[in-house]
Amino acid sequence: MEEKKTPLYEQHVKLGAKIVPFAGYLMPIQYQGILAEHRCVRETVGVFDVSHMGEFEVRGDKAEDFLQYITINDVSTLQPYQAQYSAMCYPDGGIVDDLLIYRFPDHFMVVVNASNLQKDFDWMNQHLINDVELTNRSDDYALIAVQGRNAQDTLQPLTDVDLSDIKYYWFNIGNIANCDAMIARTGYTGEDGFELMVPVDQAVQLWNTVMAAGKMYNIEAIGLGARDTLRLEVKYCLYGNDIDQTTNPLEAGLGWITKLDKGDFIARDVLMQVKNEGVKRKLIGFQMDGRAFARHGYQIYSGGRIIGHVTSGTMSPMLQKSIGMGYVEVDAAKVGTSIDIEIRNTHQPATVIKTPFYKRPY
(Lines give C-alpha, C1' and ligand atoms only; values in the text may rest on other atoms or scores of the structure.)
Protein backbone atom coordinates (compact mmCIF):
# COMPACT_ATOMS: atom_id res chain seq x y z
CA MET A 1 0.00 0.00 0.00
CA GLU A 2 1.33 3.41 -0.95
CA GLU A 3 2.20 5.72 1.96
CA LYS A 4 0.03 8.80 2.42
CA LYS A 5 1.40 12.34 2.76
CA THR A 6 0.25 14.87 5.31
CA PRO A 7 -0.79 18.32 3.98
CA LEU A 8 2.62 19.58 5.20
CA TYR A 9 4.74 17.05 3.29
CA GLU A 10 6.14 19.65 0.85
CA GLN A 11 7.14 21.91 3.77
CA HIS A 12 9.21 19.09 5.24
CA VAL A 13 10.91 18.44 1.92
CA LYS A 14 11.74 22.15 1.58
CA LEU A 15 13.28 22.10 5.06
CA GLY A 16 15.51 19.19 4.06
CA ALA A 17 13.86 16.66 6.36
CA LYS A 18 14.87 13.02 6.32
CA ILE A 19 11.56 11.40 5.39
CA VAL A 20 10.64 7.85 6.42
CA PRO A 21 7.51 5.68 6.17
CA PHE A 22 5.69 5.76 9.52
CA ALA A 23 2.19 4.43 10.34
CA GLY A 24 1.16 4.55 6.68
CA TYR A 25 2.50 8.09 6.14
CA LEU A 26 5.70 9.63 4.82
CA MET A 27 6.88 11.54 7.88
CA PRO A 28 9.92 13.65 8.84
CA ILE A 29 12.14 11.70 11.25
CA GLN A 30 14.58 14.61 11.61
CA TYR A 31 15.66 17.93 10.05
CA GLN A 32 18.98 19.22 11.41
CA GLY A 33 19.38 16.32 13.86
CA ILE A 34 17.59 14.70 16.79
CA LEU A 35 19.86 16.15 19.48
CA ALA A 36 19.57 19.77 18.28
CA GLU A 37 15.81 19.43 17.76
CA HIS A 38 15.33 17.91 21.21
CA ARG A 39 17.26 20.75 22.86
CA CYS A 40 15.32 23.32 20.85
CA VAL A 41 12.01 22.11 22.35
CA ARG A 42 13.44 21.94 25.88
CA GLU A 43 15.14 25.36 25.67
CA THR A 44 12.84 27.49 23.50
CA VAL A 45 10.11 26.24 21.09
CA GLY A 46 9.62 23.65 18.35
CA VAL A 47 6.83 22.79 15.93
CA PHE A 48 5.71 19.28 14.97
CA ASP A 49 3.52 17.97 12.18
CA VAL A 50 1.31 15.36 13.84
CA SER A 51 -1.35 15.33 11.11
CA HIS A 52 -0.95 11.55 10.78
CA MET A 53 -2.89 11.08 14.04
CA GLY A 54 -6.47 9.81 13.78
CA GLU A 55 -9.50 11.96 14.62
CA PHE A 56 -12.91 10.39 15.24
CA GLU A 57 -16.03 12.46 15.82
CA VAL A 58 -18.60 11.00 18.24
CA ARG A 59 -22.09 12.53 18.20
CA GLY A 60 -25.54 11.71 19.51
CA ASP A 61 -27.62 11.56 22.70
CA LYS A 62 -25.71 8.53 24.00
CA ALA A 63 -22.21 9.68 22.94
CA GLU A 64 -21.06 10.05 26.54
CA ASP A 65 -22.47 6.63 27.52
CA PHE A 66 -20.68 5.04 24.58
CA LEU A 67 -17.30 6.59 25.41
CA GLN A 68 -17.80 5.83 29.09
CA TYR A 69 -18.20 2.13 28.26
CA ILE A 70 -15.39 1.84 25.71
CA THR A 71 -12.70 3.84 27.57
CA ILE A 72 -11.20 3.44 31.05
CA ASN A 73 -11.22 7.05 32.32
CA ASP A 74 -14.37 8.80 33.56
CA VAL A 75 -15.83 10.72 30.63
CA SER A 76 -18.70 12.04 32.77
CA THR A 77 -16.29 14.35 34.62
CA LEU A 78 -15.40 16.21 31.41
CA GLN A 79 -16.75 19.73 31.03
CA PRO A 80 -17.18 21.37 27.61
CA TYR A 81 -13.77 22.44 26.22
CA GLN A 82 -11.92 19.98 28.44
CA ALA A 83 -9.61 17.18 27.24
CA GLN A 84 -8.86 13.83 28.85
CA TYR A 85 -6.10 11.26 28.49
CA SER A 86 -7.53 7.75 28.39
CA ALA A 87 -7.26 4.31 26.82
CA MET A 88 -9.40 1.52 25.41
CA CYS A 89 -8.93 -2.05 26.60
CA TYR A 90 -9.76 -5.50 25.25
CA PRO A 91 -11.95 -7.68 27.50
CA ASP A 92 -8.79 -9.34 28.93
CA GLY A 93 -7.38 -5.96 30.04
CA GLY A 94 -4.84 -5.61 27.22
CA ILE A 95 -4.65 -2.11 25.73
CA VAL A 96 -6.26 -1.40 22.34
CA ASP A 97 -4.76 2.11 22.28
CA ASP A 98 -4.17 5.19 24.40
CA LEU A 99 -5.97 8.30 23.23
CA LEU A 100 -7.26 11.79 23.96
CA ILE A 101 -10.93 12.73 24.28
CA TYR A 102 -12.00 16.33 23.65
CA ARG A 103 -15.46 17.38 24.84
CA PHE A 104 -17.12 20.02 22.65
CA PRO A 105 -20.49 21.54 23.67
CA ASP A 106 -22.40 19.21 21.30
CA HIS A 107 -20.03 16.32 20.48
CA PHE A 108 -16.74 14.60 21.30
CA MET A 109 -13.52 14.24 19.33
CA VAL A 110 -11.27 11.24 19.96
CA VAL A 111 -7.63 11.49 18.82
CA VAL A 112 -5.86 8.14 18.41
CA ASN A 113 -2.41 6.92 17.39
CA ALA A 114 -1.79 6.86 13.65
CA SER A 115 -0.53 3.26 13.68
CA ASN A 116 -3.79 2.10 15.30
CA LEU A 117 -6.19 4.27 13.33
CA GLN A 118 -8.11 1.58 11.43
CA LYS A 119 -7.96 -0.94 14.29
CA ASP A 120 -9.35 1.66 16.72
CA PHE A 121 -12.11 2.75 14.36
CA ASP A 122 -13.15 -0.88 13.78
CA TRP A 123 -13.09 -1.59 17.52
CA MET A 124 -15.27 1.44 18.29
CA ASN A 125 -17.66 0.54 15.48
CA GLN A 126 -17.96 -3.00 16.86
CA HIS A 127 -19.21 -1.60 20.17
CA LEU A 128 -21.30 1.25 18.79
CA ILE A 129 -24.69 1.72 20.45
CA ASN A 130 -27.95 3.21 19.18
CA ASP A 131 -28.18 7.00 19.00
CA VAL A 132 -24.42 7.36 18.51
CA GLU A 133 -22.77 8.45 15.28
CA LEU A 134 -19.06 7.67 14.82
CA THR A 135 -17.26 9.42 11.94
CA ASN A 136 -13.63 9.09 10.89
CA ARG A 137 -12.53 12.70 10.28
CA SER A 138 -8.80 11.91 10.05
CA ASP A 139 -8.44 13.12 6.46
CA ASP A 140 -10.31 16.36 7.19
CA TYR A 141 -7.93 17.78 9.79
CA ALA A 142 -4.28 18.64 10.17
CA LEU A 143 -2.67 18.69 13.60
CA ILE A 144 0.30 20.91 14.45
CA ALA A 145 1.98 20.84 17.87
CA VAL A 146 3.86 23.90 19.14
CA GLN A 147 5.88 22.88 22.20
CA GLY A 148 8.32 24.59 24.55
CA ARG A 149 8.57 27.39 27.09
CA ASN A 150 8.12 30.02 24.32
CA ALA A 151 5.10 28.33 22.71
CA GLN A 152 2.55 30.74 24.17
CA ASP A 153 4.60 33.82 23.29
CA THR A 154 5.02 32.52 19.73
CA LEU A 155 1.30 31.91 19.22
CA GLN A 156 -0.32 34.77 21.18
CA PRO A 157 0.28 37.48 18.52
CA LEU A 158 -1.49 35.24 15.96
CA THR A 159 -4.82 34.99 17.80
CA ASP A 160 -7.44 36.96 19.75
CA VAL A 161 -7.96 33.97 22.04
CA ASP A 162 -6.26 34.64 25.39
CA LEU A 163 -3.96 31.63 25.52
CA SER A 164 -3.11 32.18 29.19
CA ASP A 165 -6.79 31.42 29.93
CA ILE A 166 -6.47 27.91 28.48
CA LYS A 167 -5.48 25.61 31.34
CA TYR A 168 -3.55 22.34 30.94
CA TYR A 169 -5.78 19.76 29.21
CA TRP A 170 -8.37 22.34 28.18
CA PHE A 171 -8.97 23.85 24.74
CA ASN A 172 -10.74 26.64 22.92
CA ILE A 173 -12.08 27.23 19.44
CA GLY A 174 -10.84 30.35 17.70
CA ASN A 175 -9.04 32.01 14.85
CA ILE A 176 -5.27 31.62 14.80
CA ALA A 177 -3.14 32.88 11.90
CA ASN A 178 -6.45 33.40 10.02
CA CYS A 179 -7.23 29.68 10.38
CA ASP A 180 -10.20 28.09 12.18
CA ALA A 181 -8.56 26.09 14.92
CA MET A 182 -9.10 23.98 17.97
CA ILE A 183 -6.38 25.30 20.30
CA ALA A 184 -5.58 22.73 23.01
CA ARG A 185 -3.06 23.02 25.82
CA THR A 186 -1.84 19.46 25.39
CA GLY A 187 1.32 17.80 24.10
CA TYR A 188 3.66 14.81 24.18
CA THR A 189 6.94 16.44 25.20
CA GLY A 190 6.68 17.31 28.91
CA GLU A 191 6.92 21.00 27.98
CA ASP A 192 4.22 23.66 27.99
CA GLY A 193 2.62 24.01 24.58
CA PHE A 194 -0.39 23.72 22.33
CA GLU A 195 -1.80 21.36 19.74
CA LEU A 196 -3.65 23.09 16.92
CA MET A 197 -6.25 21.25 14.85
CA VAL A 198 -7.25 22.94 11.59
CA PRO A 199 -8.95 21.93 8.33
CA VAL A 200 -6.36 20.37 5.99
CA ASP A 201 -6.55 23.21 3.46
CA GLN A 202 -5.36 25.67 6.16
CA ALA A 203 -2.42 23.60 7.38
CA VAL A 204 0.32 25.15 5.22
CA GLN A 205 -0.79 28.69 6.07
CA LEU A 206 -0.78 27.90 9.80
CA TRP A 207 2.61 26.14 9.65
CA ASN A 208 4.29 28.99 7.74
CA THR A 209 2.81 31.69 9.98
CA VAL A 210 3.84 29.87 13.17
CA MET A 211 7.37 29.34 11.80
CA ALA A 212 7.64 33.05 10.97
CA ALA A 213 6.22 34.13 14.35
CA GLY A 214 8.65 31.89 16.20
CA LYS A 215 11.74 33.18 14.41
CA MET A 216 12.57 35.54 17.26
CA TYR A 217 12.65 32.48 19.57
CA ASN A 218 14.75 30.39 17.14
CA ILE A 219 11.83 28.06 16.46
CA GLU A 220 12.67 24.87 14.58
CA ALA A 221 10.68 22.11 12.89
CA ILE A 222 10.95 18.92 14.95
CA GLY A 223 10.82 15.37 13.62
CA LEU A 224 9.56 12.08 15.01
CA GLY A 225 13.03 11.18 16.32
CA ALA A 226 13.11 14.01 18.85
CA ARG A 227 9.41 13.48 19.60
CA ASP A 228 10.41 10.01 20.82
CA THR A 229 13.36 11.13 22.98
CA LEU A 230 11.31 14.01 24.44
CA ARG A 231 8.43 11.76 25.50
CA LEU A 232 10.82 9.17 26.94
CA GLU A 233 12.56 11.74 29.19
CA VAL A 234 9.19 12.39 30.86
CA LYS A 235 8.13 8.70 30.83
CA TYR A 236 5.16 9.10 28.50
CA CYS A 237 4.15 5.70 27.11
CA LEU A 238 4.44 4.91 23.41
CA TYR A 239 1.92 2.42 22.03
CA GLY A 240 3.70 -0.55 20.45
CA ASN A 241 6.70 -0.09 22.77
CA ASP A 242 5.63 0.48 26.38
CA ILE A 243 1.97 -0.47 26.09
CA ASP A 244 0.12 -2.84 23.77
CA GLN A 245 -2.45 -5.64 23.81
CA THR A 246 -0.19 -7.73 26.10
CA THR A 247 -0.04 -5.06 28.84
CA ASN A 248 -2.78 -3.79 31.12
CA PRO A 249 -3.05 -0.16 32.27
CA LEU A 250 -2.41 -0.95 35.95
CA GLU A 251 0.99 -2.57 35.37
CA ALA A 252 1.80 0.20 32.87
CA GLY A 253 1.45 2.84 35.60
CA LEU A 254 -1.83 4.11 34.14
CA GLY A 255 -3.88 3.40 37.24
CA TRP A 256 -4.49 7.16 37.51
CA ILE A 257 -6.65 7.05 34.35
CA THR A 258 -8.31 3.72 35.20
CA LYS A 259 -11.52 4.68 36.99
CA LEU A 260 -12.78 1.36 38.37
CA ASP A 261 -15.56 3.05 40.36
CA LYS A 262 -17.22 4.85 37.43
CA GLY A 263 -19.59 2.01 36.51
CA ASP A 264 -19.32 -0.69 33.87
CA PHE A 265 -16.77 -0.52 31.04
CA ILE A 266 -14.92 -3.02 28.87
CA ALA A 267 -12.37 -4.98 30.99
CA ARG A 268 -13.53 -3.46 34.29
CA ASP A 269 -13.97 -6.86 36.02
CA VAL A 270 -10.54 -8.07 34.90
CA LEU A 271 -8.83 -4.84 35.95
CA MET A 272 -10.67 -4.92 39.29
CA GLN A 273 -9.29 -8.43 39.85
CA VAL A 274 -5.76 -7.28 38.88
CA LYS A 275 -6.04 -4.44 41.37
CA ASN A 276 -7.29 -6.69 44.16
CA GLU A 277 -4.66 -9.36 43.58
CA GLY A 278 -1.87 -6.86 42.87
CA VAL A 279 0.06 -6.53 39.62
CA LYS A 280 2.72 -9.16 38.86
CA ARG A 281 5.03 -6.73 37.05
CA LYS A 282 5.48 -2.98 36.71
CA LEU A 283 6.70 -0.53 34.10
CA ILE A 284 9.78 1.11 35.61
CA GLY A 285 12.27 3.79 34.63
CA PHE A 286 15.95 2.91 34.82
CA GLN A 287 19.32 4.54 34.27
CA MET A 288 22.34 2.65 32.95
CA ASP A 289 25.42 2.87 35.15
CA GLY A 290 27.62 3.24 32.04
CA ARG A 291 27.33 4.70 28.53
CA ALA A 292 25.77 1.67 26.83
CA PHE A 293 22.10 2.10 26.07
CA ALA A 294 19.28 -0.37 26.13
CA ARG A 295 16.87 -0.88 23.26
CA HIS A 296 13.32 -2.18 22.97
CA GLY A 297 13.20 -5.94 23.55
CA TYR A 298 16.45 -6.32 25.52
CA GLN A 299 16.19 -8.70 28.51
CA ILE A 300 16.39 -7.42 32.10
CA TYR A 301 18.09 -9.61 34.71
CA SER A 302 18.45 -9.79 38.46
CA GLY A 303 20.78 -12.31 40.10
CA GLY A 304 21.35 -14.02 36.77
CA ARG A 305 17.60 -14.55 36.19
CA ILE A 306 15.41 -12.88 33.55
CA ILE A 307 12.89 -10.64 35.35
CA GLY A 308 11.58 -8.56 32.46
CA HIS A 309 12.35 -6.68 29.26
CA VAL A 310 13.15 -3.19 28.04
CA THR A 311 10.36 -1.32 26.22
CA SER A 312 12.12 1.97 25.36
CA GLY A 313 15.66 3.28 25.70
CA THR A 314 17.81 6.23 24.62
CA MET A 315 20.69 8.49 25.59
CA SER A 316 18.91 11.39 27.29
CA PRO A 317 19.98 14.62 25.55
CA MET A 318 19.23 16.72 28.65
CA LEU A 319 20.63 14.41 31.35
CA GLN A 320 23.52 13.02 29.29
CA LYS A 321 22.68 9.64 30.78
CA SER A 322 21.44 6.43 29.22
CA ILE A 323 17.81 5.95 30.32
CA GLY A 324 15.01 3.53 29.58
CA MET A 325 11.71 1.97 30.54
CA GLY A 326 10.81 -1.66 30.96
CA TYR A 327 8.60 -4.20 32.67
CA VAL A 328 10.07 -6.03 35.66
CA GLU A 329 8.69 -8.32 38.36
CA VAL A 330 7.17 -6.29 41.19
CA ASP A 331 9.96 -7.18 43.65
CA ALA A 332 12.49 -5.45 41.38
CA ALA A 333 10.39 -2.34 40.72
CA LYS A 334 11.43 -0.35 43.79
CA VAL A 335 13.45 2.83 43.20
CA GLY A 336 17.11 2.13 43.93
CA THR A 337 16.99 -1.54 42.90
CA SER A 338 20.03 -2.74 40.92
CA ILE A 339 19.28 -4.62 37.70
CA ASP A 340 21.28 -5.88 34.71
CA ILE A 341 20.42 -5.44 31.06
CA GLU A 342 21.68 -7.80 28.41
CA ILE A 343 23.33 -5.74 25.69
CA ARG A 344 25.21 -7.64 22.96
CA ASN A 345 25.64 -10.76 25.12
CA THR A 346 27.02 -8.86 28.12
CA HIS A 347 25.19 -7.89 31.32
CA GLN A 348 25.35 -4.13 31.86
CA PRO A 349 24.40 -2.71 35.29
CA ALA A 350 21.50 -0.28 35.69
CA THR A 351 19.43 1.17 38.53
CA VAL A 352 15.67 1.66 38.87
CA ILE A 353 15.16 5.42 39.30
CA LYS A 354 12.32 7.82 40.05
CA THR A 355 10.46 9.17 37.03
CA PRO A 356 9.92 11.40 35.16
CA PHE A 357 13.63 11.35 34.34
CA TYR A 358 13.47 15.05 33.37
CA LYS A 359 11.38 17.81 34.93
CA ARG A 360 10.97 21.13 33.19
CA PRO A 361 12.54 23.97 35.22
CA TYR A 362 9.77 26.54 34.64
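The values are calculated or read from the model by the stated rules, or taken from the named source; none is laboratory data. Predicted model only: the values in this text are computed from it and were never measured. Virtual Cβ from ideal backbone geometry, glycine too; neighbours counted across all protein chains shown.
Hey, any hits in segment 162-171 for a residue that's touching a helix residue (DSSP H, G or I) at 6+ places or on another chain (Cβ under 6 Å), in contact (Cβ under 8 Å) with a residue 24 or more places away in the chain, in the same structural domain as Leu224 (by TED's automatic domain parsing) and not aliphatic (A, V, I, L, M)? There is no residue in segment 162-171 that is touching a helix residue (DSSP H, G or I) at 6+ places or on another chain (Cβ under 6 Å), in contact (Cβ under 8 Å) with a residue 24 or more places away in the chain, in the same structural domain as Leu224 (by TED's automatic domain parsing) and not aliphatic (A, V, I, L, M).
Quick check: is even one residue across segment 318-341 under 22 Å from the mean Cα position of the chain (by Cα) and either in the same structural domain as Ala23 (by TED's automatic domain parsing) or surrounded by fewer than 19 Cβ atoms within 10 Å (Cβ to Cβ) (or both)? Yes - at least one qualifying residue is present in segment 318-341.
Kindly check whether there is at least one residue in segment 226-244 that is of a type in the set (Lys, Arg), at pLDDT 95 or above, assigned to a loop (DSSP other than H, G, I, E, B) and surrounded by fewer than 17 Cβ atoms within 10 Å (Cβ to Cβ).
The answer is no, given that none of the residues of segment 226-244 is of a type in the set (Lys, Arg), at pLDDT 95 or above, assigned to a loop (DSSP other than H, G, I, E, B) and surrounded by fewer than 17 Cβ atoms within 10 Å (Cβ to Cβ).
Look at (1) touching a Leu at 6+ places or on another chain (Cβ under 7 Å); (2) over 22 Å from Gly54 (Cα atoms); (3) part of a loop (DSSP other than H, G, I, E, B) and you find that Gln152 fails only one, number (3). Which residues, counting only those in segment 189-210, are of a type outside the set (D, E, K, R), more than 26 Å from Tyr358 (Cβ to Cβ) and assigned to a helix (DSSP H, G or I)? Within segment 189-210, Val200, Gln202, Ala203, Val204, Gln205, Leu206, Trp207, Asn208, Thr209 meet the criteria. So Ile95 ticks every box in (1) buried (at least 19 other Cβ atoms within 10 Å of the Cβ); (2) under 21 Å from Thr186 (Cα atoms); (3) among the hydrophobic types (A, V, I, L, M, F, W, C) but one. Which box is left unticked? Evaluating Ile95 over (1) buried (at least 19 other Cβ atoms within 10 Å of the Cβ); (2) under 21 Å from Thr186 (Cα atoms); (3) among the hydrophobic types (A, V, I, L, M, F, W, C) leaves (2) as the failure.
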